[in-house]
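Here is the structure we will look at, set down as structure tokens.
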Amino acid sequence: MKKRVVSFLVVLVICGLTVFSLASANGNAAVKINYWFSWGGFWGKQHQEILSAFNKTHPEIKVTGLTVPYNEMIPKLLTAIAAGAPPDMVTIFGGTNAGLYEKMFTRLDDFVKQNEETMGPQNWFPGVLEYVKFEGKLYGLPWVSSSEGLFYRVDLLREAGLDPQNPPKYWRDLEVASEKLTKKNEQGQITTLGFLFPGDIRTFDTNWVPYWFYRNNGRLWDPEKKKMTLTDPENIETLEWLASWARKNGPEEIERFLVSAEAVNPEMEGWFEQGKLAMTVSGPWSIGHITENAPNTDYDVTMVPYPESGKPVTTNYIDAMYIPRGNKNLQEAWTFISWMATEGTTIWSTKFGEVPARYDVAASPDFEKMSRYDLFKKIAVDYHKYGKASLPGFPIRTILRDQATRYYQQVMHLKMSPKDALEELQVVMQKELDKFYEKR
Amino acid sequence: MGRENKPKMKMRNRTREAVEGYLFALPWLVGLSIFILYPFIANIFYSFTEYNIIEPPVWVGIDNYRVLMHDSLFWKSLYNTIYYSAVVPLQLIIALLLALLLNQKVKGQRYFRTLFYLPVLVPLVASSILWQWMLSPNYGLVNSLLYKIGINGPGWFASESWSKPALILMGTWTVGGAMIIFLATLQDIPRVLYEAAEMDGATVFKKLFHITLPLLTPAIFFNLIMGIIASFQVFTQAYVITDGGPMYSTTFYVLYLYNNAFRFFRMGRASAMALILFIVIFTITLFIVKTASKWVYYEAGGRK
């Protein structure tokens, strides 16, 4: 009995070793690289198809993708880099602290120099590369950009006695329209909100809120002098205007409206189509959503309003691709990242109506097959010309978001004046900025 | 071999038994050291450093603690957490009442017990989304029912003053765990005590306050300590539903700790917060344990 058991175990081990060595032999034909991204569910599957397309055309490299939820991406990535086991490539939504780029990611300037024609700055829309640079050095490549327009319900504007052919152009037009379009029920609850700011009244999201200041010729910091400029008169004026919107609608009623909407859908998708939101600032991704879910929605898009003394500005917030430091397959990772930045993003952007970060991708004829290509072109190409990076190179973005949110909420809930809030925030943030540069 | 060898044999046996005991406990001891002791000691060290994971920790002494003492959001998060811990007495009362009811011999008793325990099995993220729907200010079930009887419902998670009560209300839904402990203890109370009291003409309330409650005090003691420890670590509900808002009214201590660690890359400050939390919970628990001798009765032995 004992002999039989021993023989069985020996056979099992031999089989196991054979299978393992066969698998290893097959695997040795291609360099395996790991890639992390935050698309999951339906979008994750779609993204995996792009990886399959790369693997088919690049038999010497095998990319394996892994979905890491958005909120977990940065902590997980930091831990993996610190442990010396980072993924070979990663796509991160939005920005993180530019001051950490040199610790987290591989510099790509040399790779770009070797491929100047296809990867040089002349290929990219204005400002998009600023998101992946720190102190002039390049650490990533944009996957897709963004751009925005003011989406407005043509039918609701007409009902409110406004002219849909002349949608709001300046801030004062936006105020008037918003007031006429907002409806409340007998309990005083907002049933239709005339206009909703991105960032609403809770969060000073550094991807969206700064643009209201830029439209009024303001800026939040001076990168040359490394000084915060929050208390410039234009900034106080902008924050006062934002607070006036909260005052008109009532912060508590706005909160109730937002929380009710988010309970149904955290991204508030569908509220514009249902007429609960008459005007909102959004990007081309909303066109796809409206076409799929409520194709009969009567709407149009115009440039996001700005003050008469200001200028049109649109976001160009990007999702970016990076090669983490400690990567052991640098050449393969560069081959993959550069393919993704050109061919990969073309497949994705033309399929889902994302805003391309590159001119050649934007020129793809596949975009014209999209439903409502007219609106897509307005936002992704025409308005994109007015793109400006939000706080490019700002080294402590997450700290600004934390501190600014504390004051922003107070202002939007009418508990603090904009001037006092910006003065206090200026002191706090200048201290943090000085601390960052002292350590360098 | 003889009598003089017997004590030596006994000692060798005892030593062998001890070694065997430790060997059996070794996996647990290794796990405890790696996953509890080491992180605890490491946390103390990191609390005196500035550390963003990606760069080596830099010693800053008590700077993290000093900054926290002057951080208004630190104090607000502590206040929010202490406020939320009011859920504990509420949960105990409801759990106790349910246990008393479910201890009655009625038809379908087993099904009722299962029904009241089921919410404990619902994952916290799923129940958070459920309650987000139920307490939706403009379209939720609760406010719709309140409106039918002429009450304009509050903003719940949208209101600075109602957000914590909303989470406390949500917390009372999962009293099943405490209820089971009470139920088990109730069934341990000797029937003869009730019979003797009945013979002396004791009313229902007298039996409750002079027999049931005193003999339930060990279970109350256990549930109180576990409840306090859990309530001070409230996180998931706020993370899923409110993200700390509105106006930081649901920024609980652990949520702020998490934000410091994983949103602002301040591991050192988060470690300092973790150590302070440990001291606070330890102090409260010690206080409850020390006072236990005055109010906890153990069966057939009076107070311990």
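The values are calculated or read from the model by the stated rules, or taken from the named source; none is laboratory data. As the structure is a computational prediction, the values presented were derived from the model and not from experiment. Quick reminder, even Gly has a Cβ in these numbers, built from the backbone with ideal geometry, and neighbours come from all protein chains shown. These area figures cover heavy atoms from the full protein model, side chains too; ligands, DNA and RNA do not enter into them. Shrake-Rupley method; radii C 1.70, N 1.55, O 1.52, S 1.80 Å.
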Legend entry - Selected residue [within 14 Å of another protein chain (Cβ to nearest Cβ), open to solvent by 10 Å² or more (accessible area, probe 1.4 Å) and either touching a residue at least 40 places away in the same chain (Cβ under 8 Å) or not hydrophobic (A, V, I, L, M, F, W, C) (or both)] from A:Gly310, A:Gly326: A:Gly326
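Which ones in region B:154-170 are within 15 Å of the chain's Cα centre (by Cα) and either buried (at least 22 other Cβ atoms within 10 Å of the Cβ) or within 14 Å of another protein chain (Cβ to nearest Cβ) (or both)? It would help to see each step written out before you state the result.
Residues of region B:154-170 that are within 15 Å of the chain's Cα centre (by Cα), as a first pass: B:167-168, B:170.
Passing the criteria: B:Leu167, B:Met170.
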Legend entry - Output for region B:181-199, where each listed residue is surrounded by fewer than 19 Cβ atoms within 10 Å (Cβ to Cβ) and in contact with a Lys or Arg (Cβ under 9 Å, 6 or more places away or on another chain): B:Leu193, B:Tyr194, B:Ala197, B:Glu198
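Sort out which residues of region A:88-97 are touching a helix residue (DSSP H, G or I) at 6+ places or on another chain (Cβ under 7 Å), at pLDDT below 90 and more than 10 Å from chain B (Cβ to nearest Cβ), and write them in order of number.
Those that are touching a helix residue (DSSP H, G or I) at 6+ places or on another chain (Cβ under 7 Å), at pLDDT below 90 and more than 10 Å from chain B (Cβ to nearest Cβ): A:Phe93, A:Gly95.
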Legend entry - Number of the condition not met by A:Thr191 [criteria: (1) within 25 Å of the chain's Cα centre (by Cα); (2) farther than 27 Å from A:Tyr131 by Cβ; (3) touching a residue at least 40 places away in the same chain (Cβ under 8 Å)]: (1)
Inset, instruction - Quick one: which residue in B:Val142, B:Val125 is aliphatic (A, V, I, L, M), surrounded by 14 or more Cβ atoms within 10 Å (Cβ to Cβ) and away from every other protein chain (no Cβ under 11 Å)? - result: B:Val142
Legend entry - From B:Gly140, B:Gly176, B:Gly171, residue being of a type outside the set (Phe, Trp, Tyr) and without any contact (Cβ under 8 Å) to a residue 60 or more places away in the chain: B:Gly140
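From the list B:Tyr258, B:Tyr297, B:Tyr239, B:Tyr248, pick out the single residue that is in contact with a helix residue (DSSP H, G or I) (Cβ under 7 Å, 6 or more places away or on another chain), more than 16 Å from B:Val67 (Cβ to Cβ) and free of Cβ contacts under 8 Å to residues at least 40 places away in the same chain.
On inspection, the qualifying residue turns out to be B:Tyr239.
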Inset, instruction - Quickly run through region A:211-257 and pick out the residues that are free of Cβ contacts under 8 Å to residues at least 60 places away in the same chain, within 14 Å of chain B (Cβ to nearest Cβ) and in contact with a helix residue (DSSP H, G or I) (Cβ under 8 Å, 6 or more places away or on another chain). - result: A:Glu252, A:Glu255
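Could you go through region A:214-234 and let me know if any residue there is in a helix (DSSP H, G or I) and surrounded by 20 or more Cβ atoms within 10 Å (Cβ to Cβ).
For region A:214-234, residues in a helix (DSSP H, G or I) and surrounded by 20 or more Cβ atoms within 10 Å (Cβ to Cβ): present.
Here is a yes/no grid of residues against (1) open to solvent by less than 20 Å² (accessible area, probe 1.4 Å); (2) of a type in the set (D, E, K, R); (3) closer than 30 Å to A:Glu116 by Cα; (4) in contact (Cβ under 8 Å) with a residue 60 or more places away in the chain:
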residue	(1), (2), (3), (4)
A:Leu375	yes, no, no, yes
A:Pro395	yes, no, yes, yes
A:Arg401	no, yes, no, yes
A:His413	no, no, no, yes
Inset, instruction - Answer yes or no: is there a residue in region A:29-49 that is modelled with pLDDT under 90, open to solvent by 40 Å² or more (accessible area, probe 1.4 Å) and among the polar types (S, T, N, Q). - result: no
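Filter the helices (runs of 4 or more DSSP H) completely within region B:32-105 down to those with at least 3 residues that are within 14 Å of chain A (Cβ to nearest Cβ) and crowded, with 17+ Cβ neighbours inside 10 Å.
Numbers: elements: B:38-46, B:63-69, B:72-84, B:87-102.
Passing ranges, in order: B:72-84.
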Inset, instruction - Using the structure shown, decide if A:Asn166 is out of contact with any Pro (no Cβ under 9 Å at 6 or more places or on another chain) and loosely packed, with under 14 Cβ neighbours inside 10 Å. - result: yes
Inset, instruction - Keeping to region B:253-276, report how many residues are more than 14 Å from every other protein chain (Cβ to nearest Cβ) and open to solvent by 20 Å² or more (accessible area, probe 1.4 Å). - result: 4
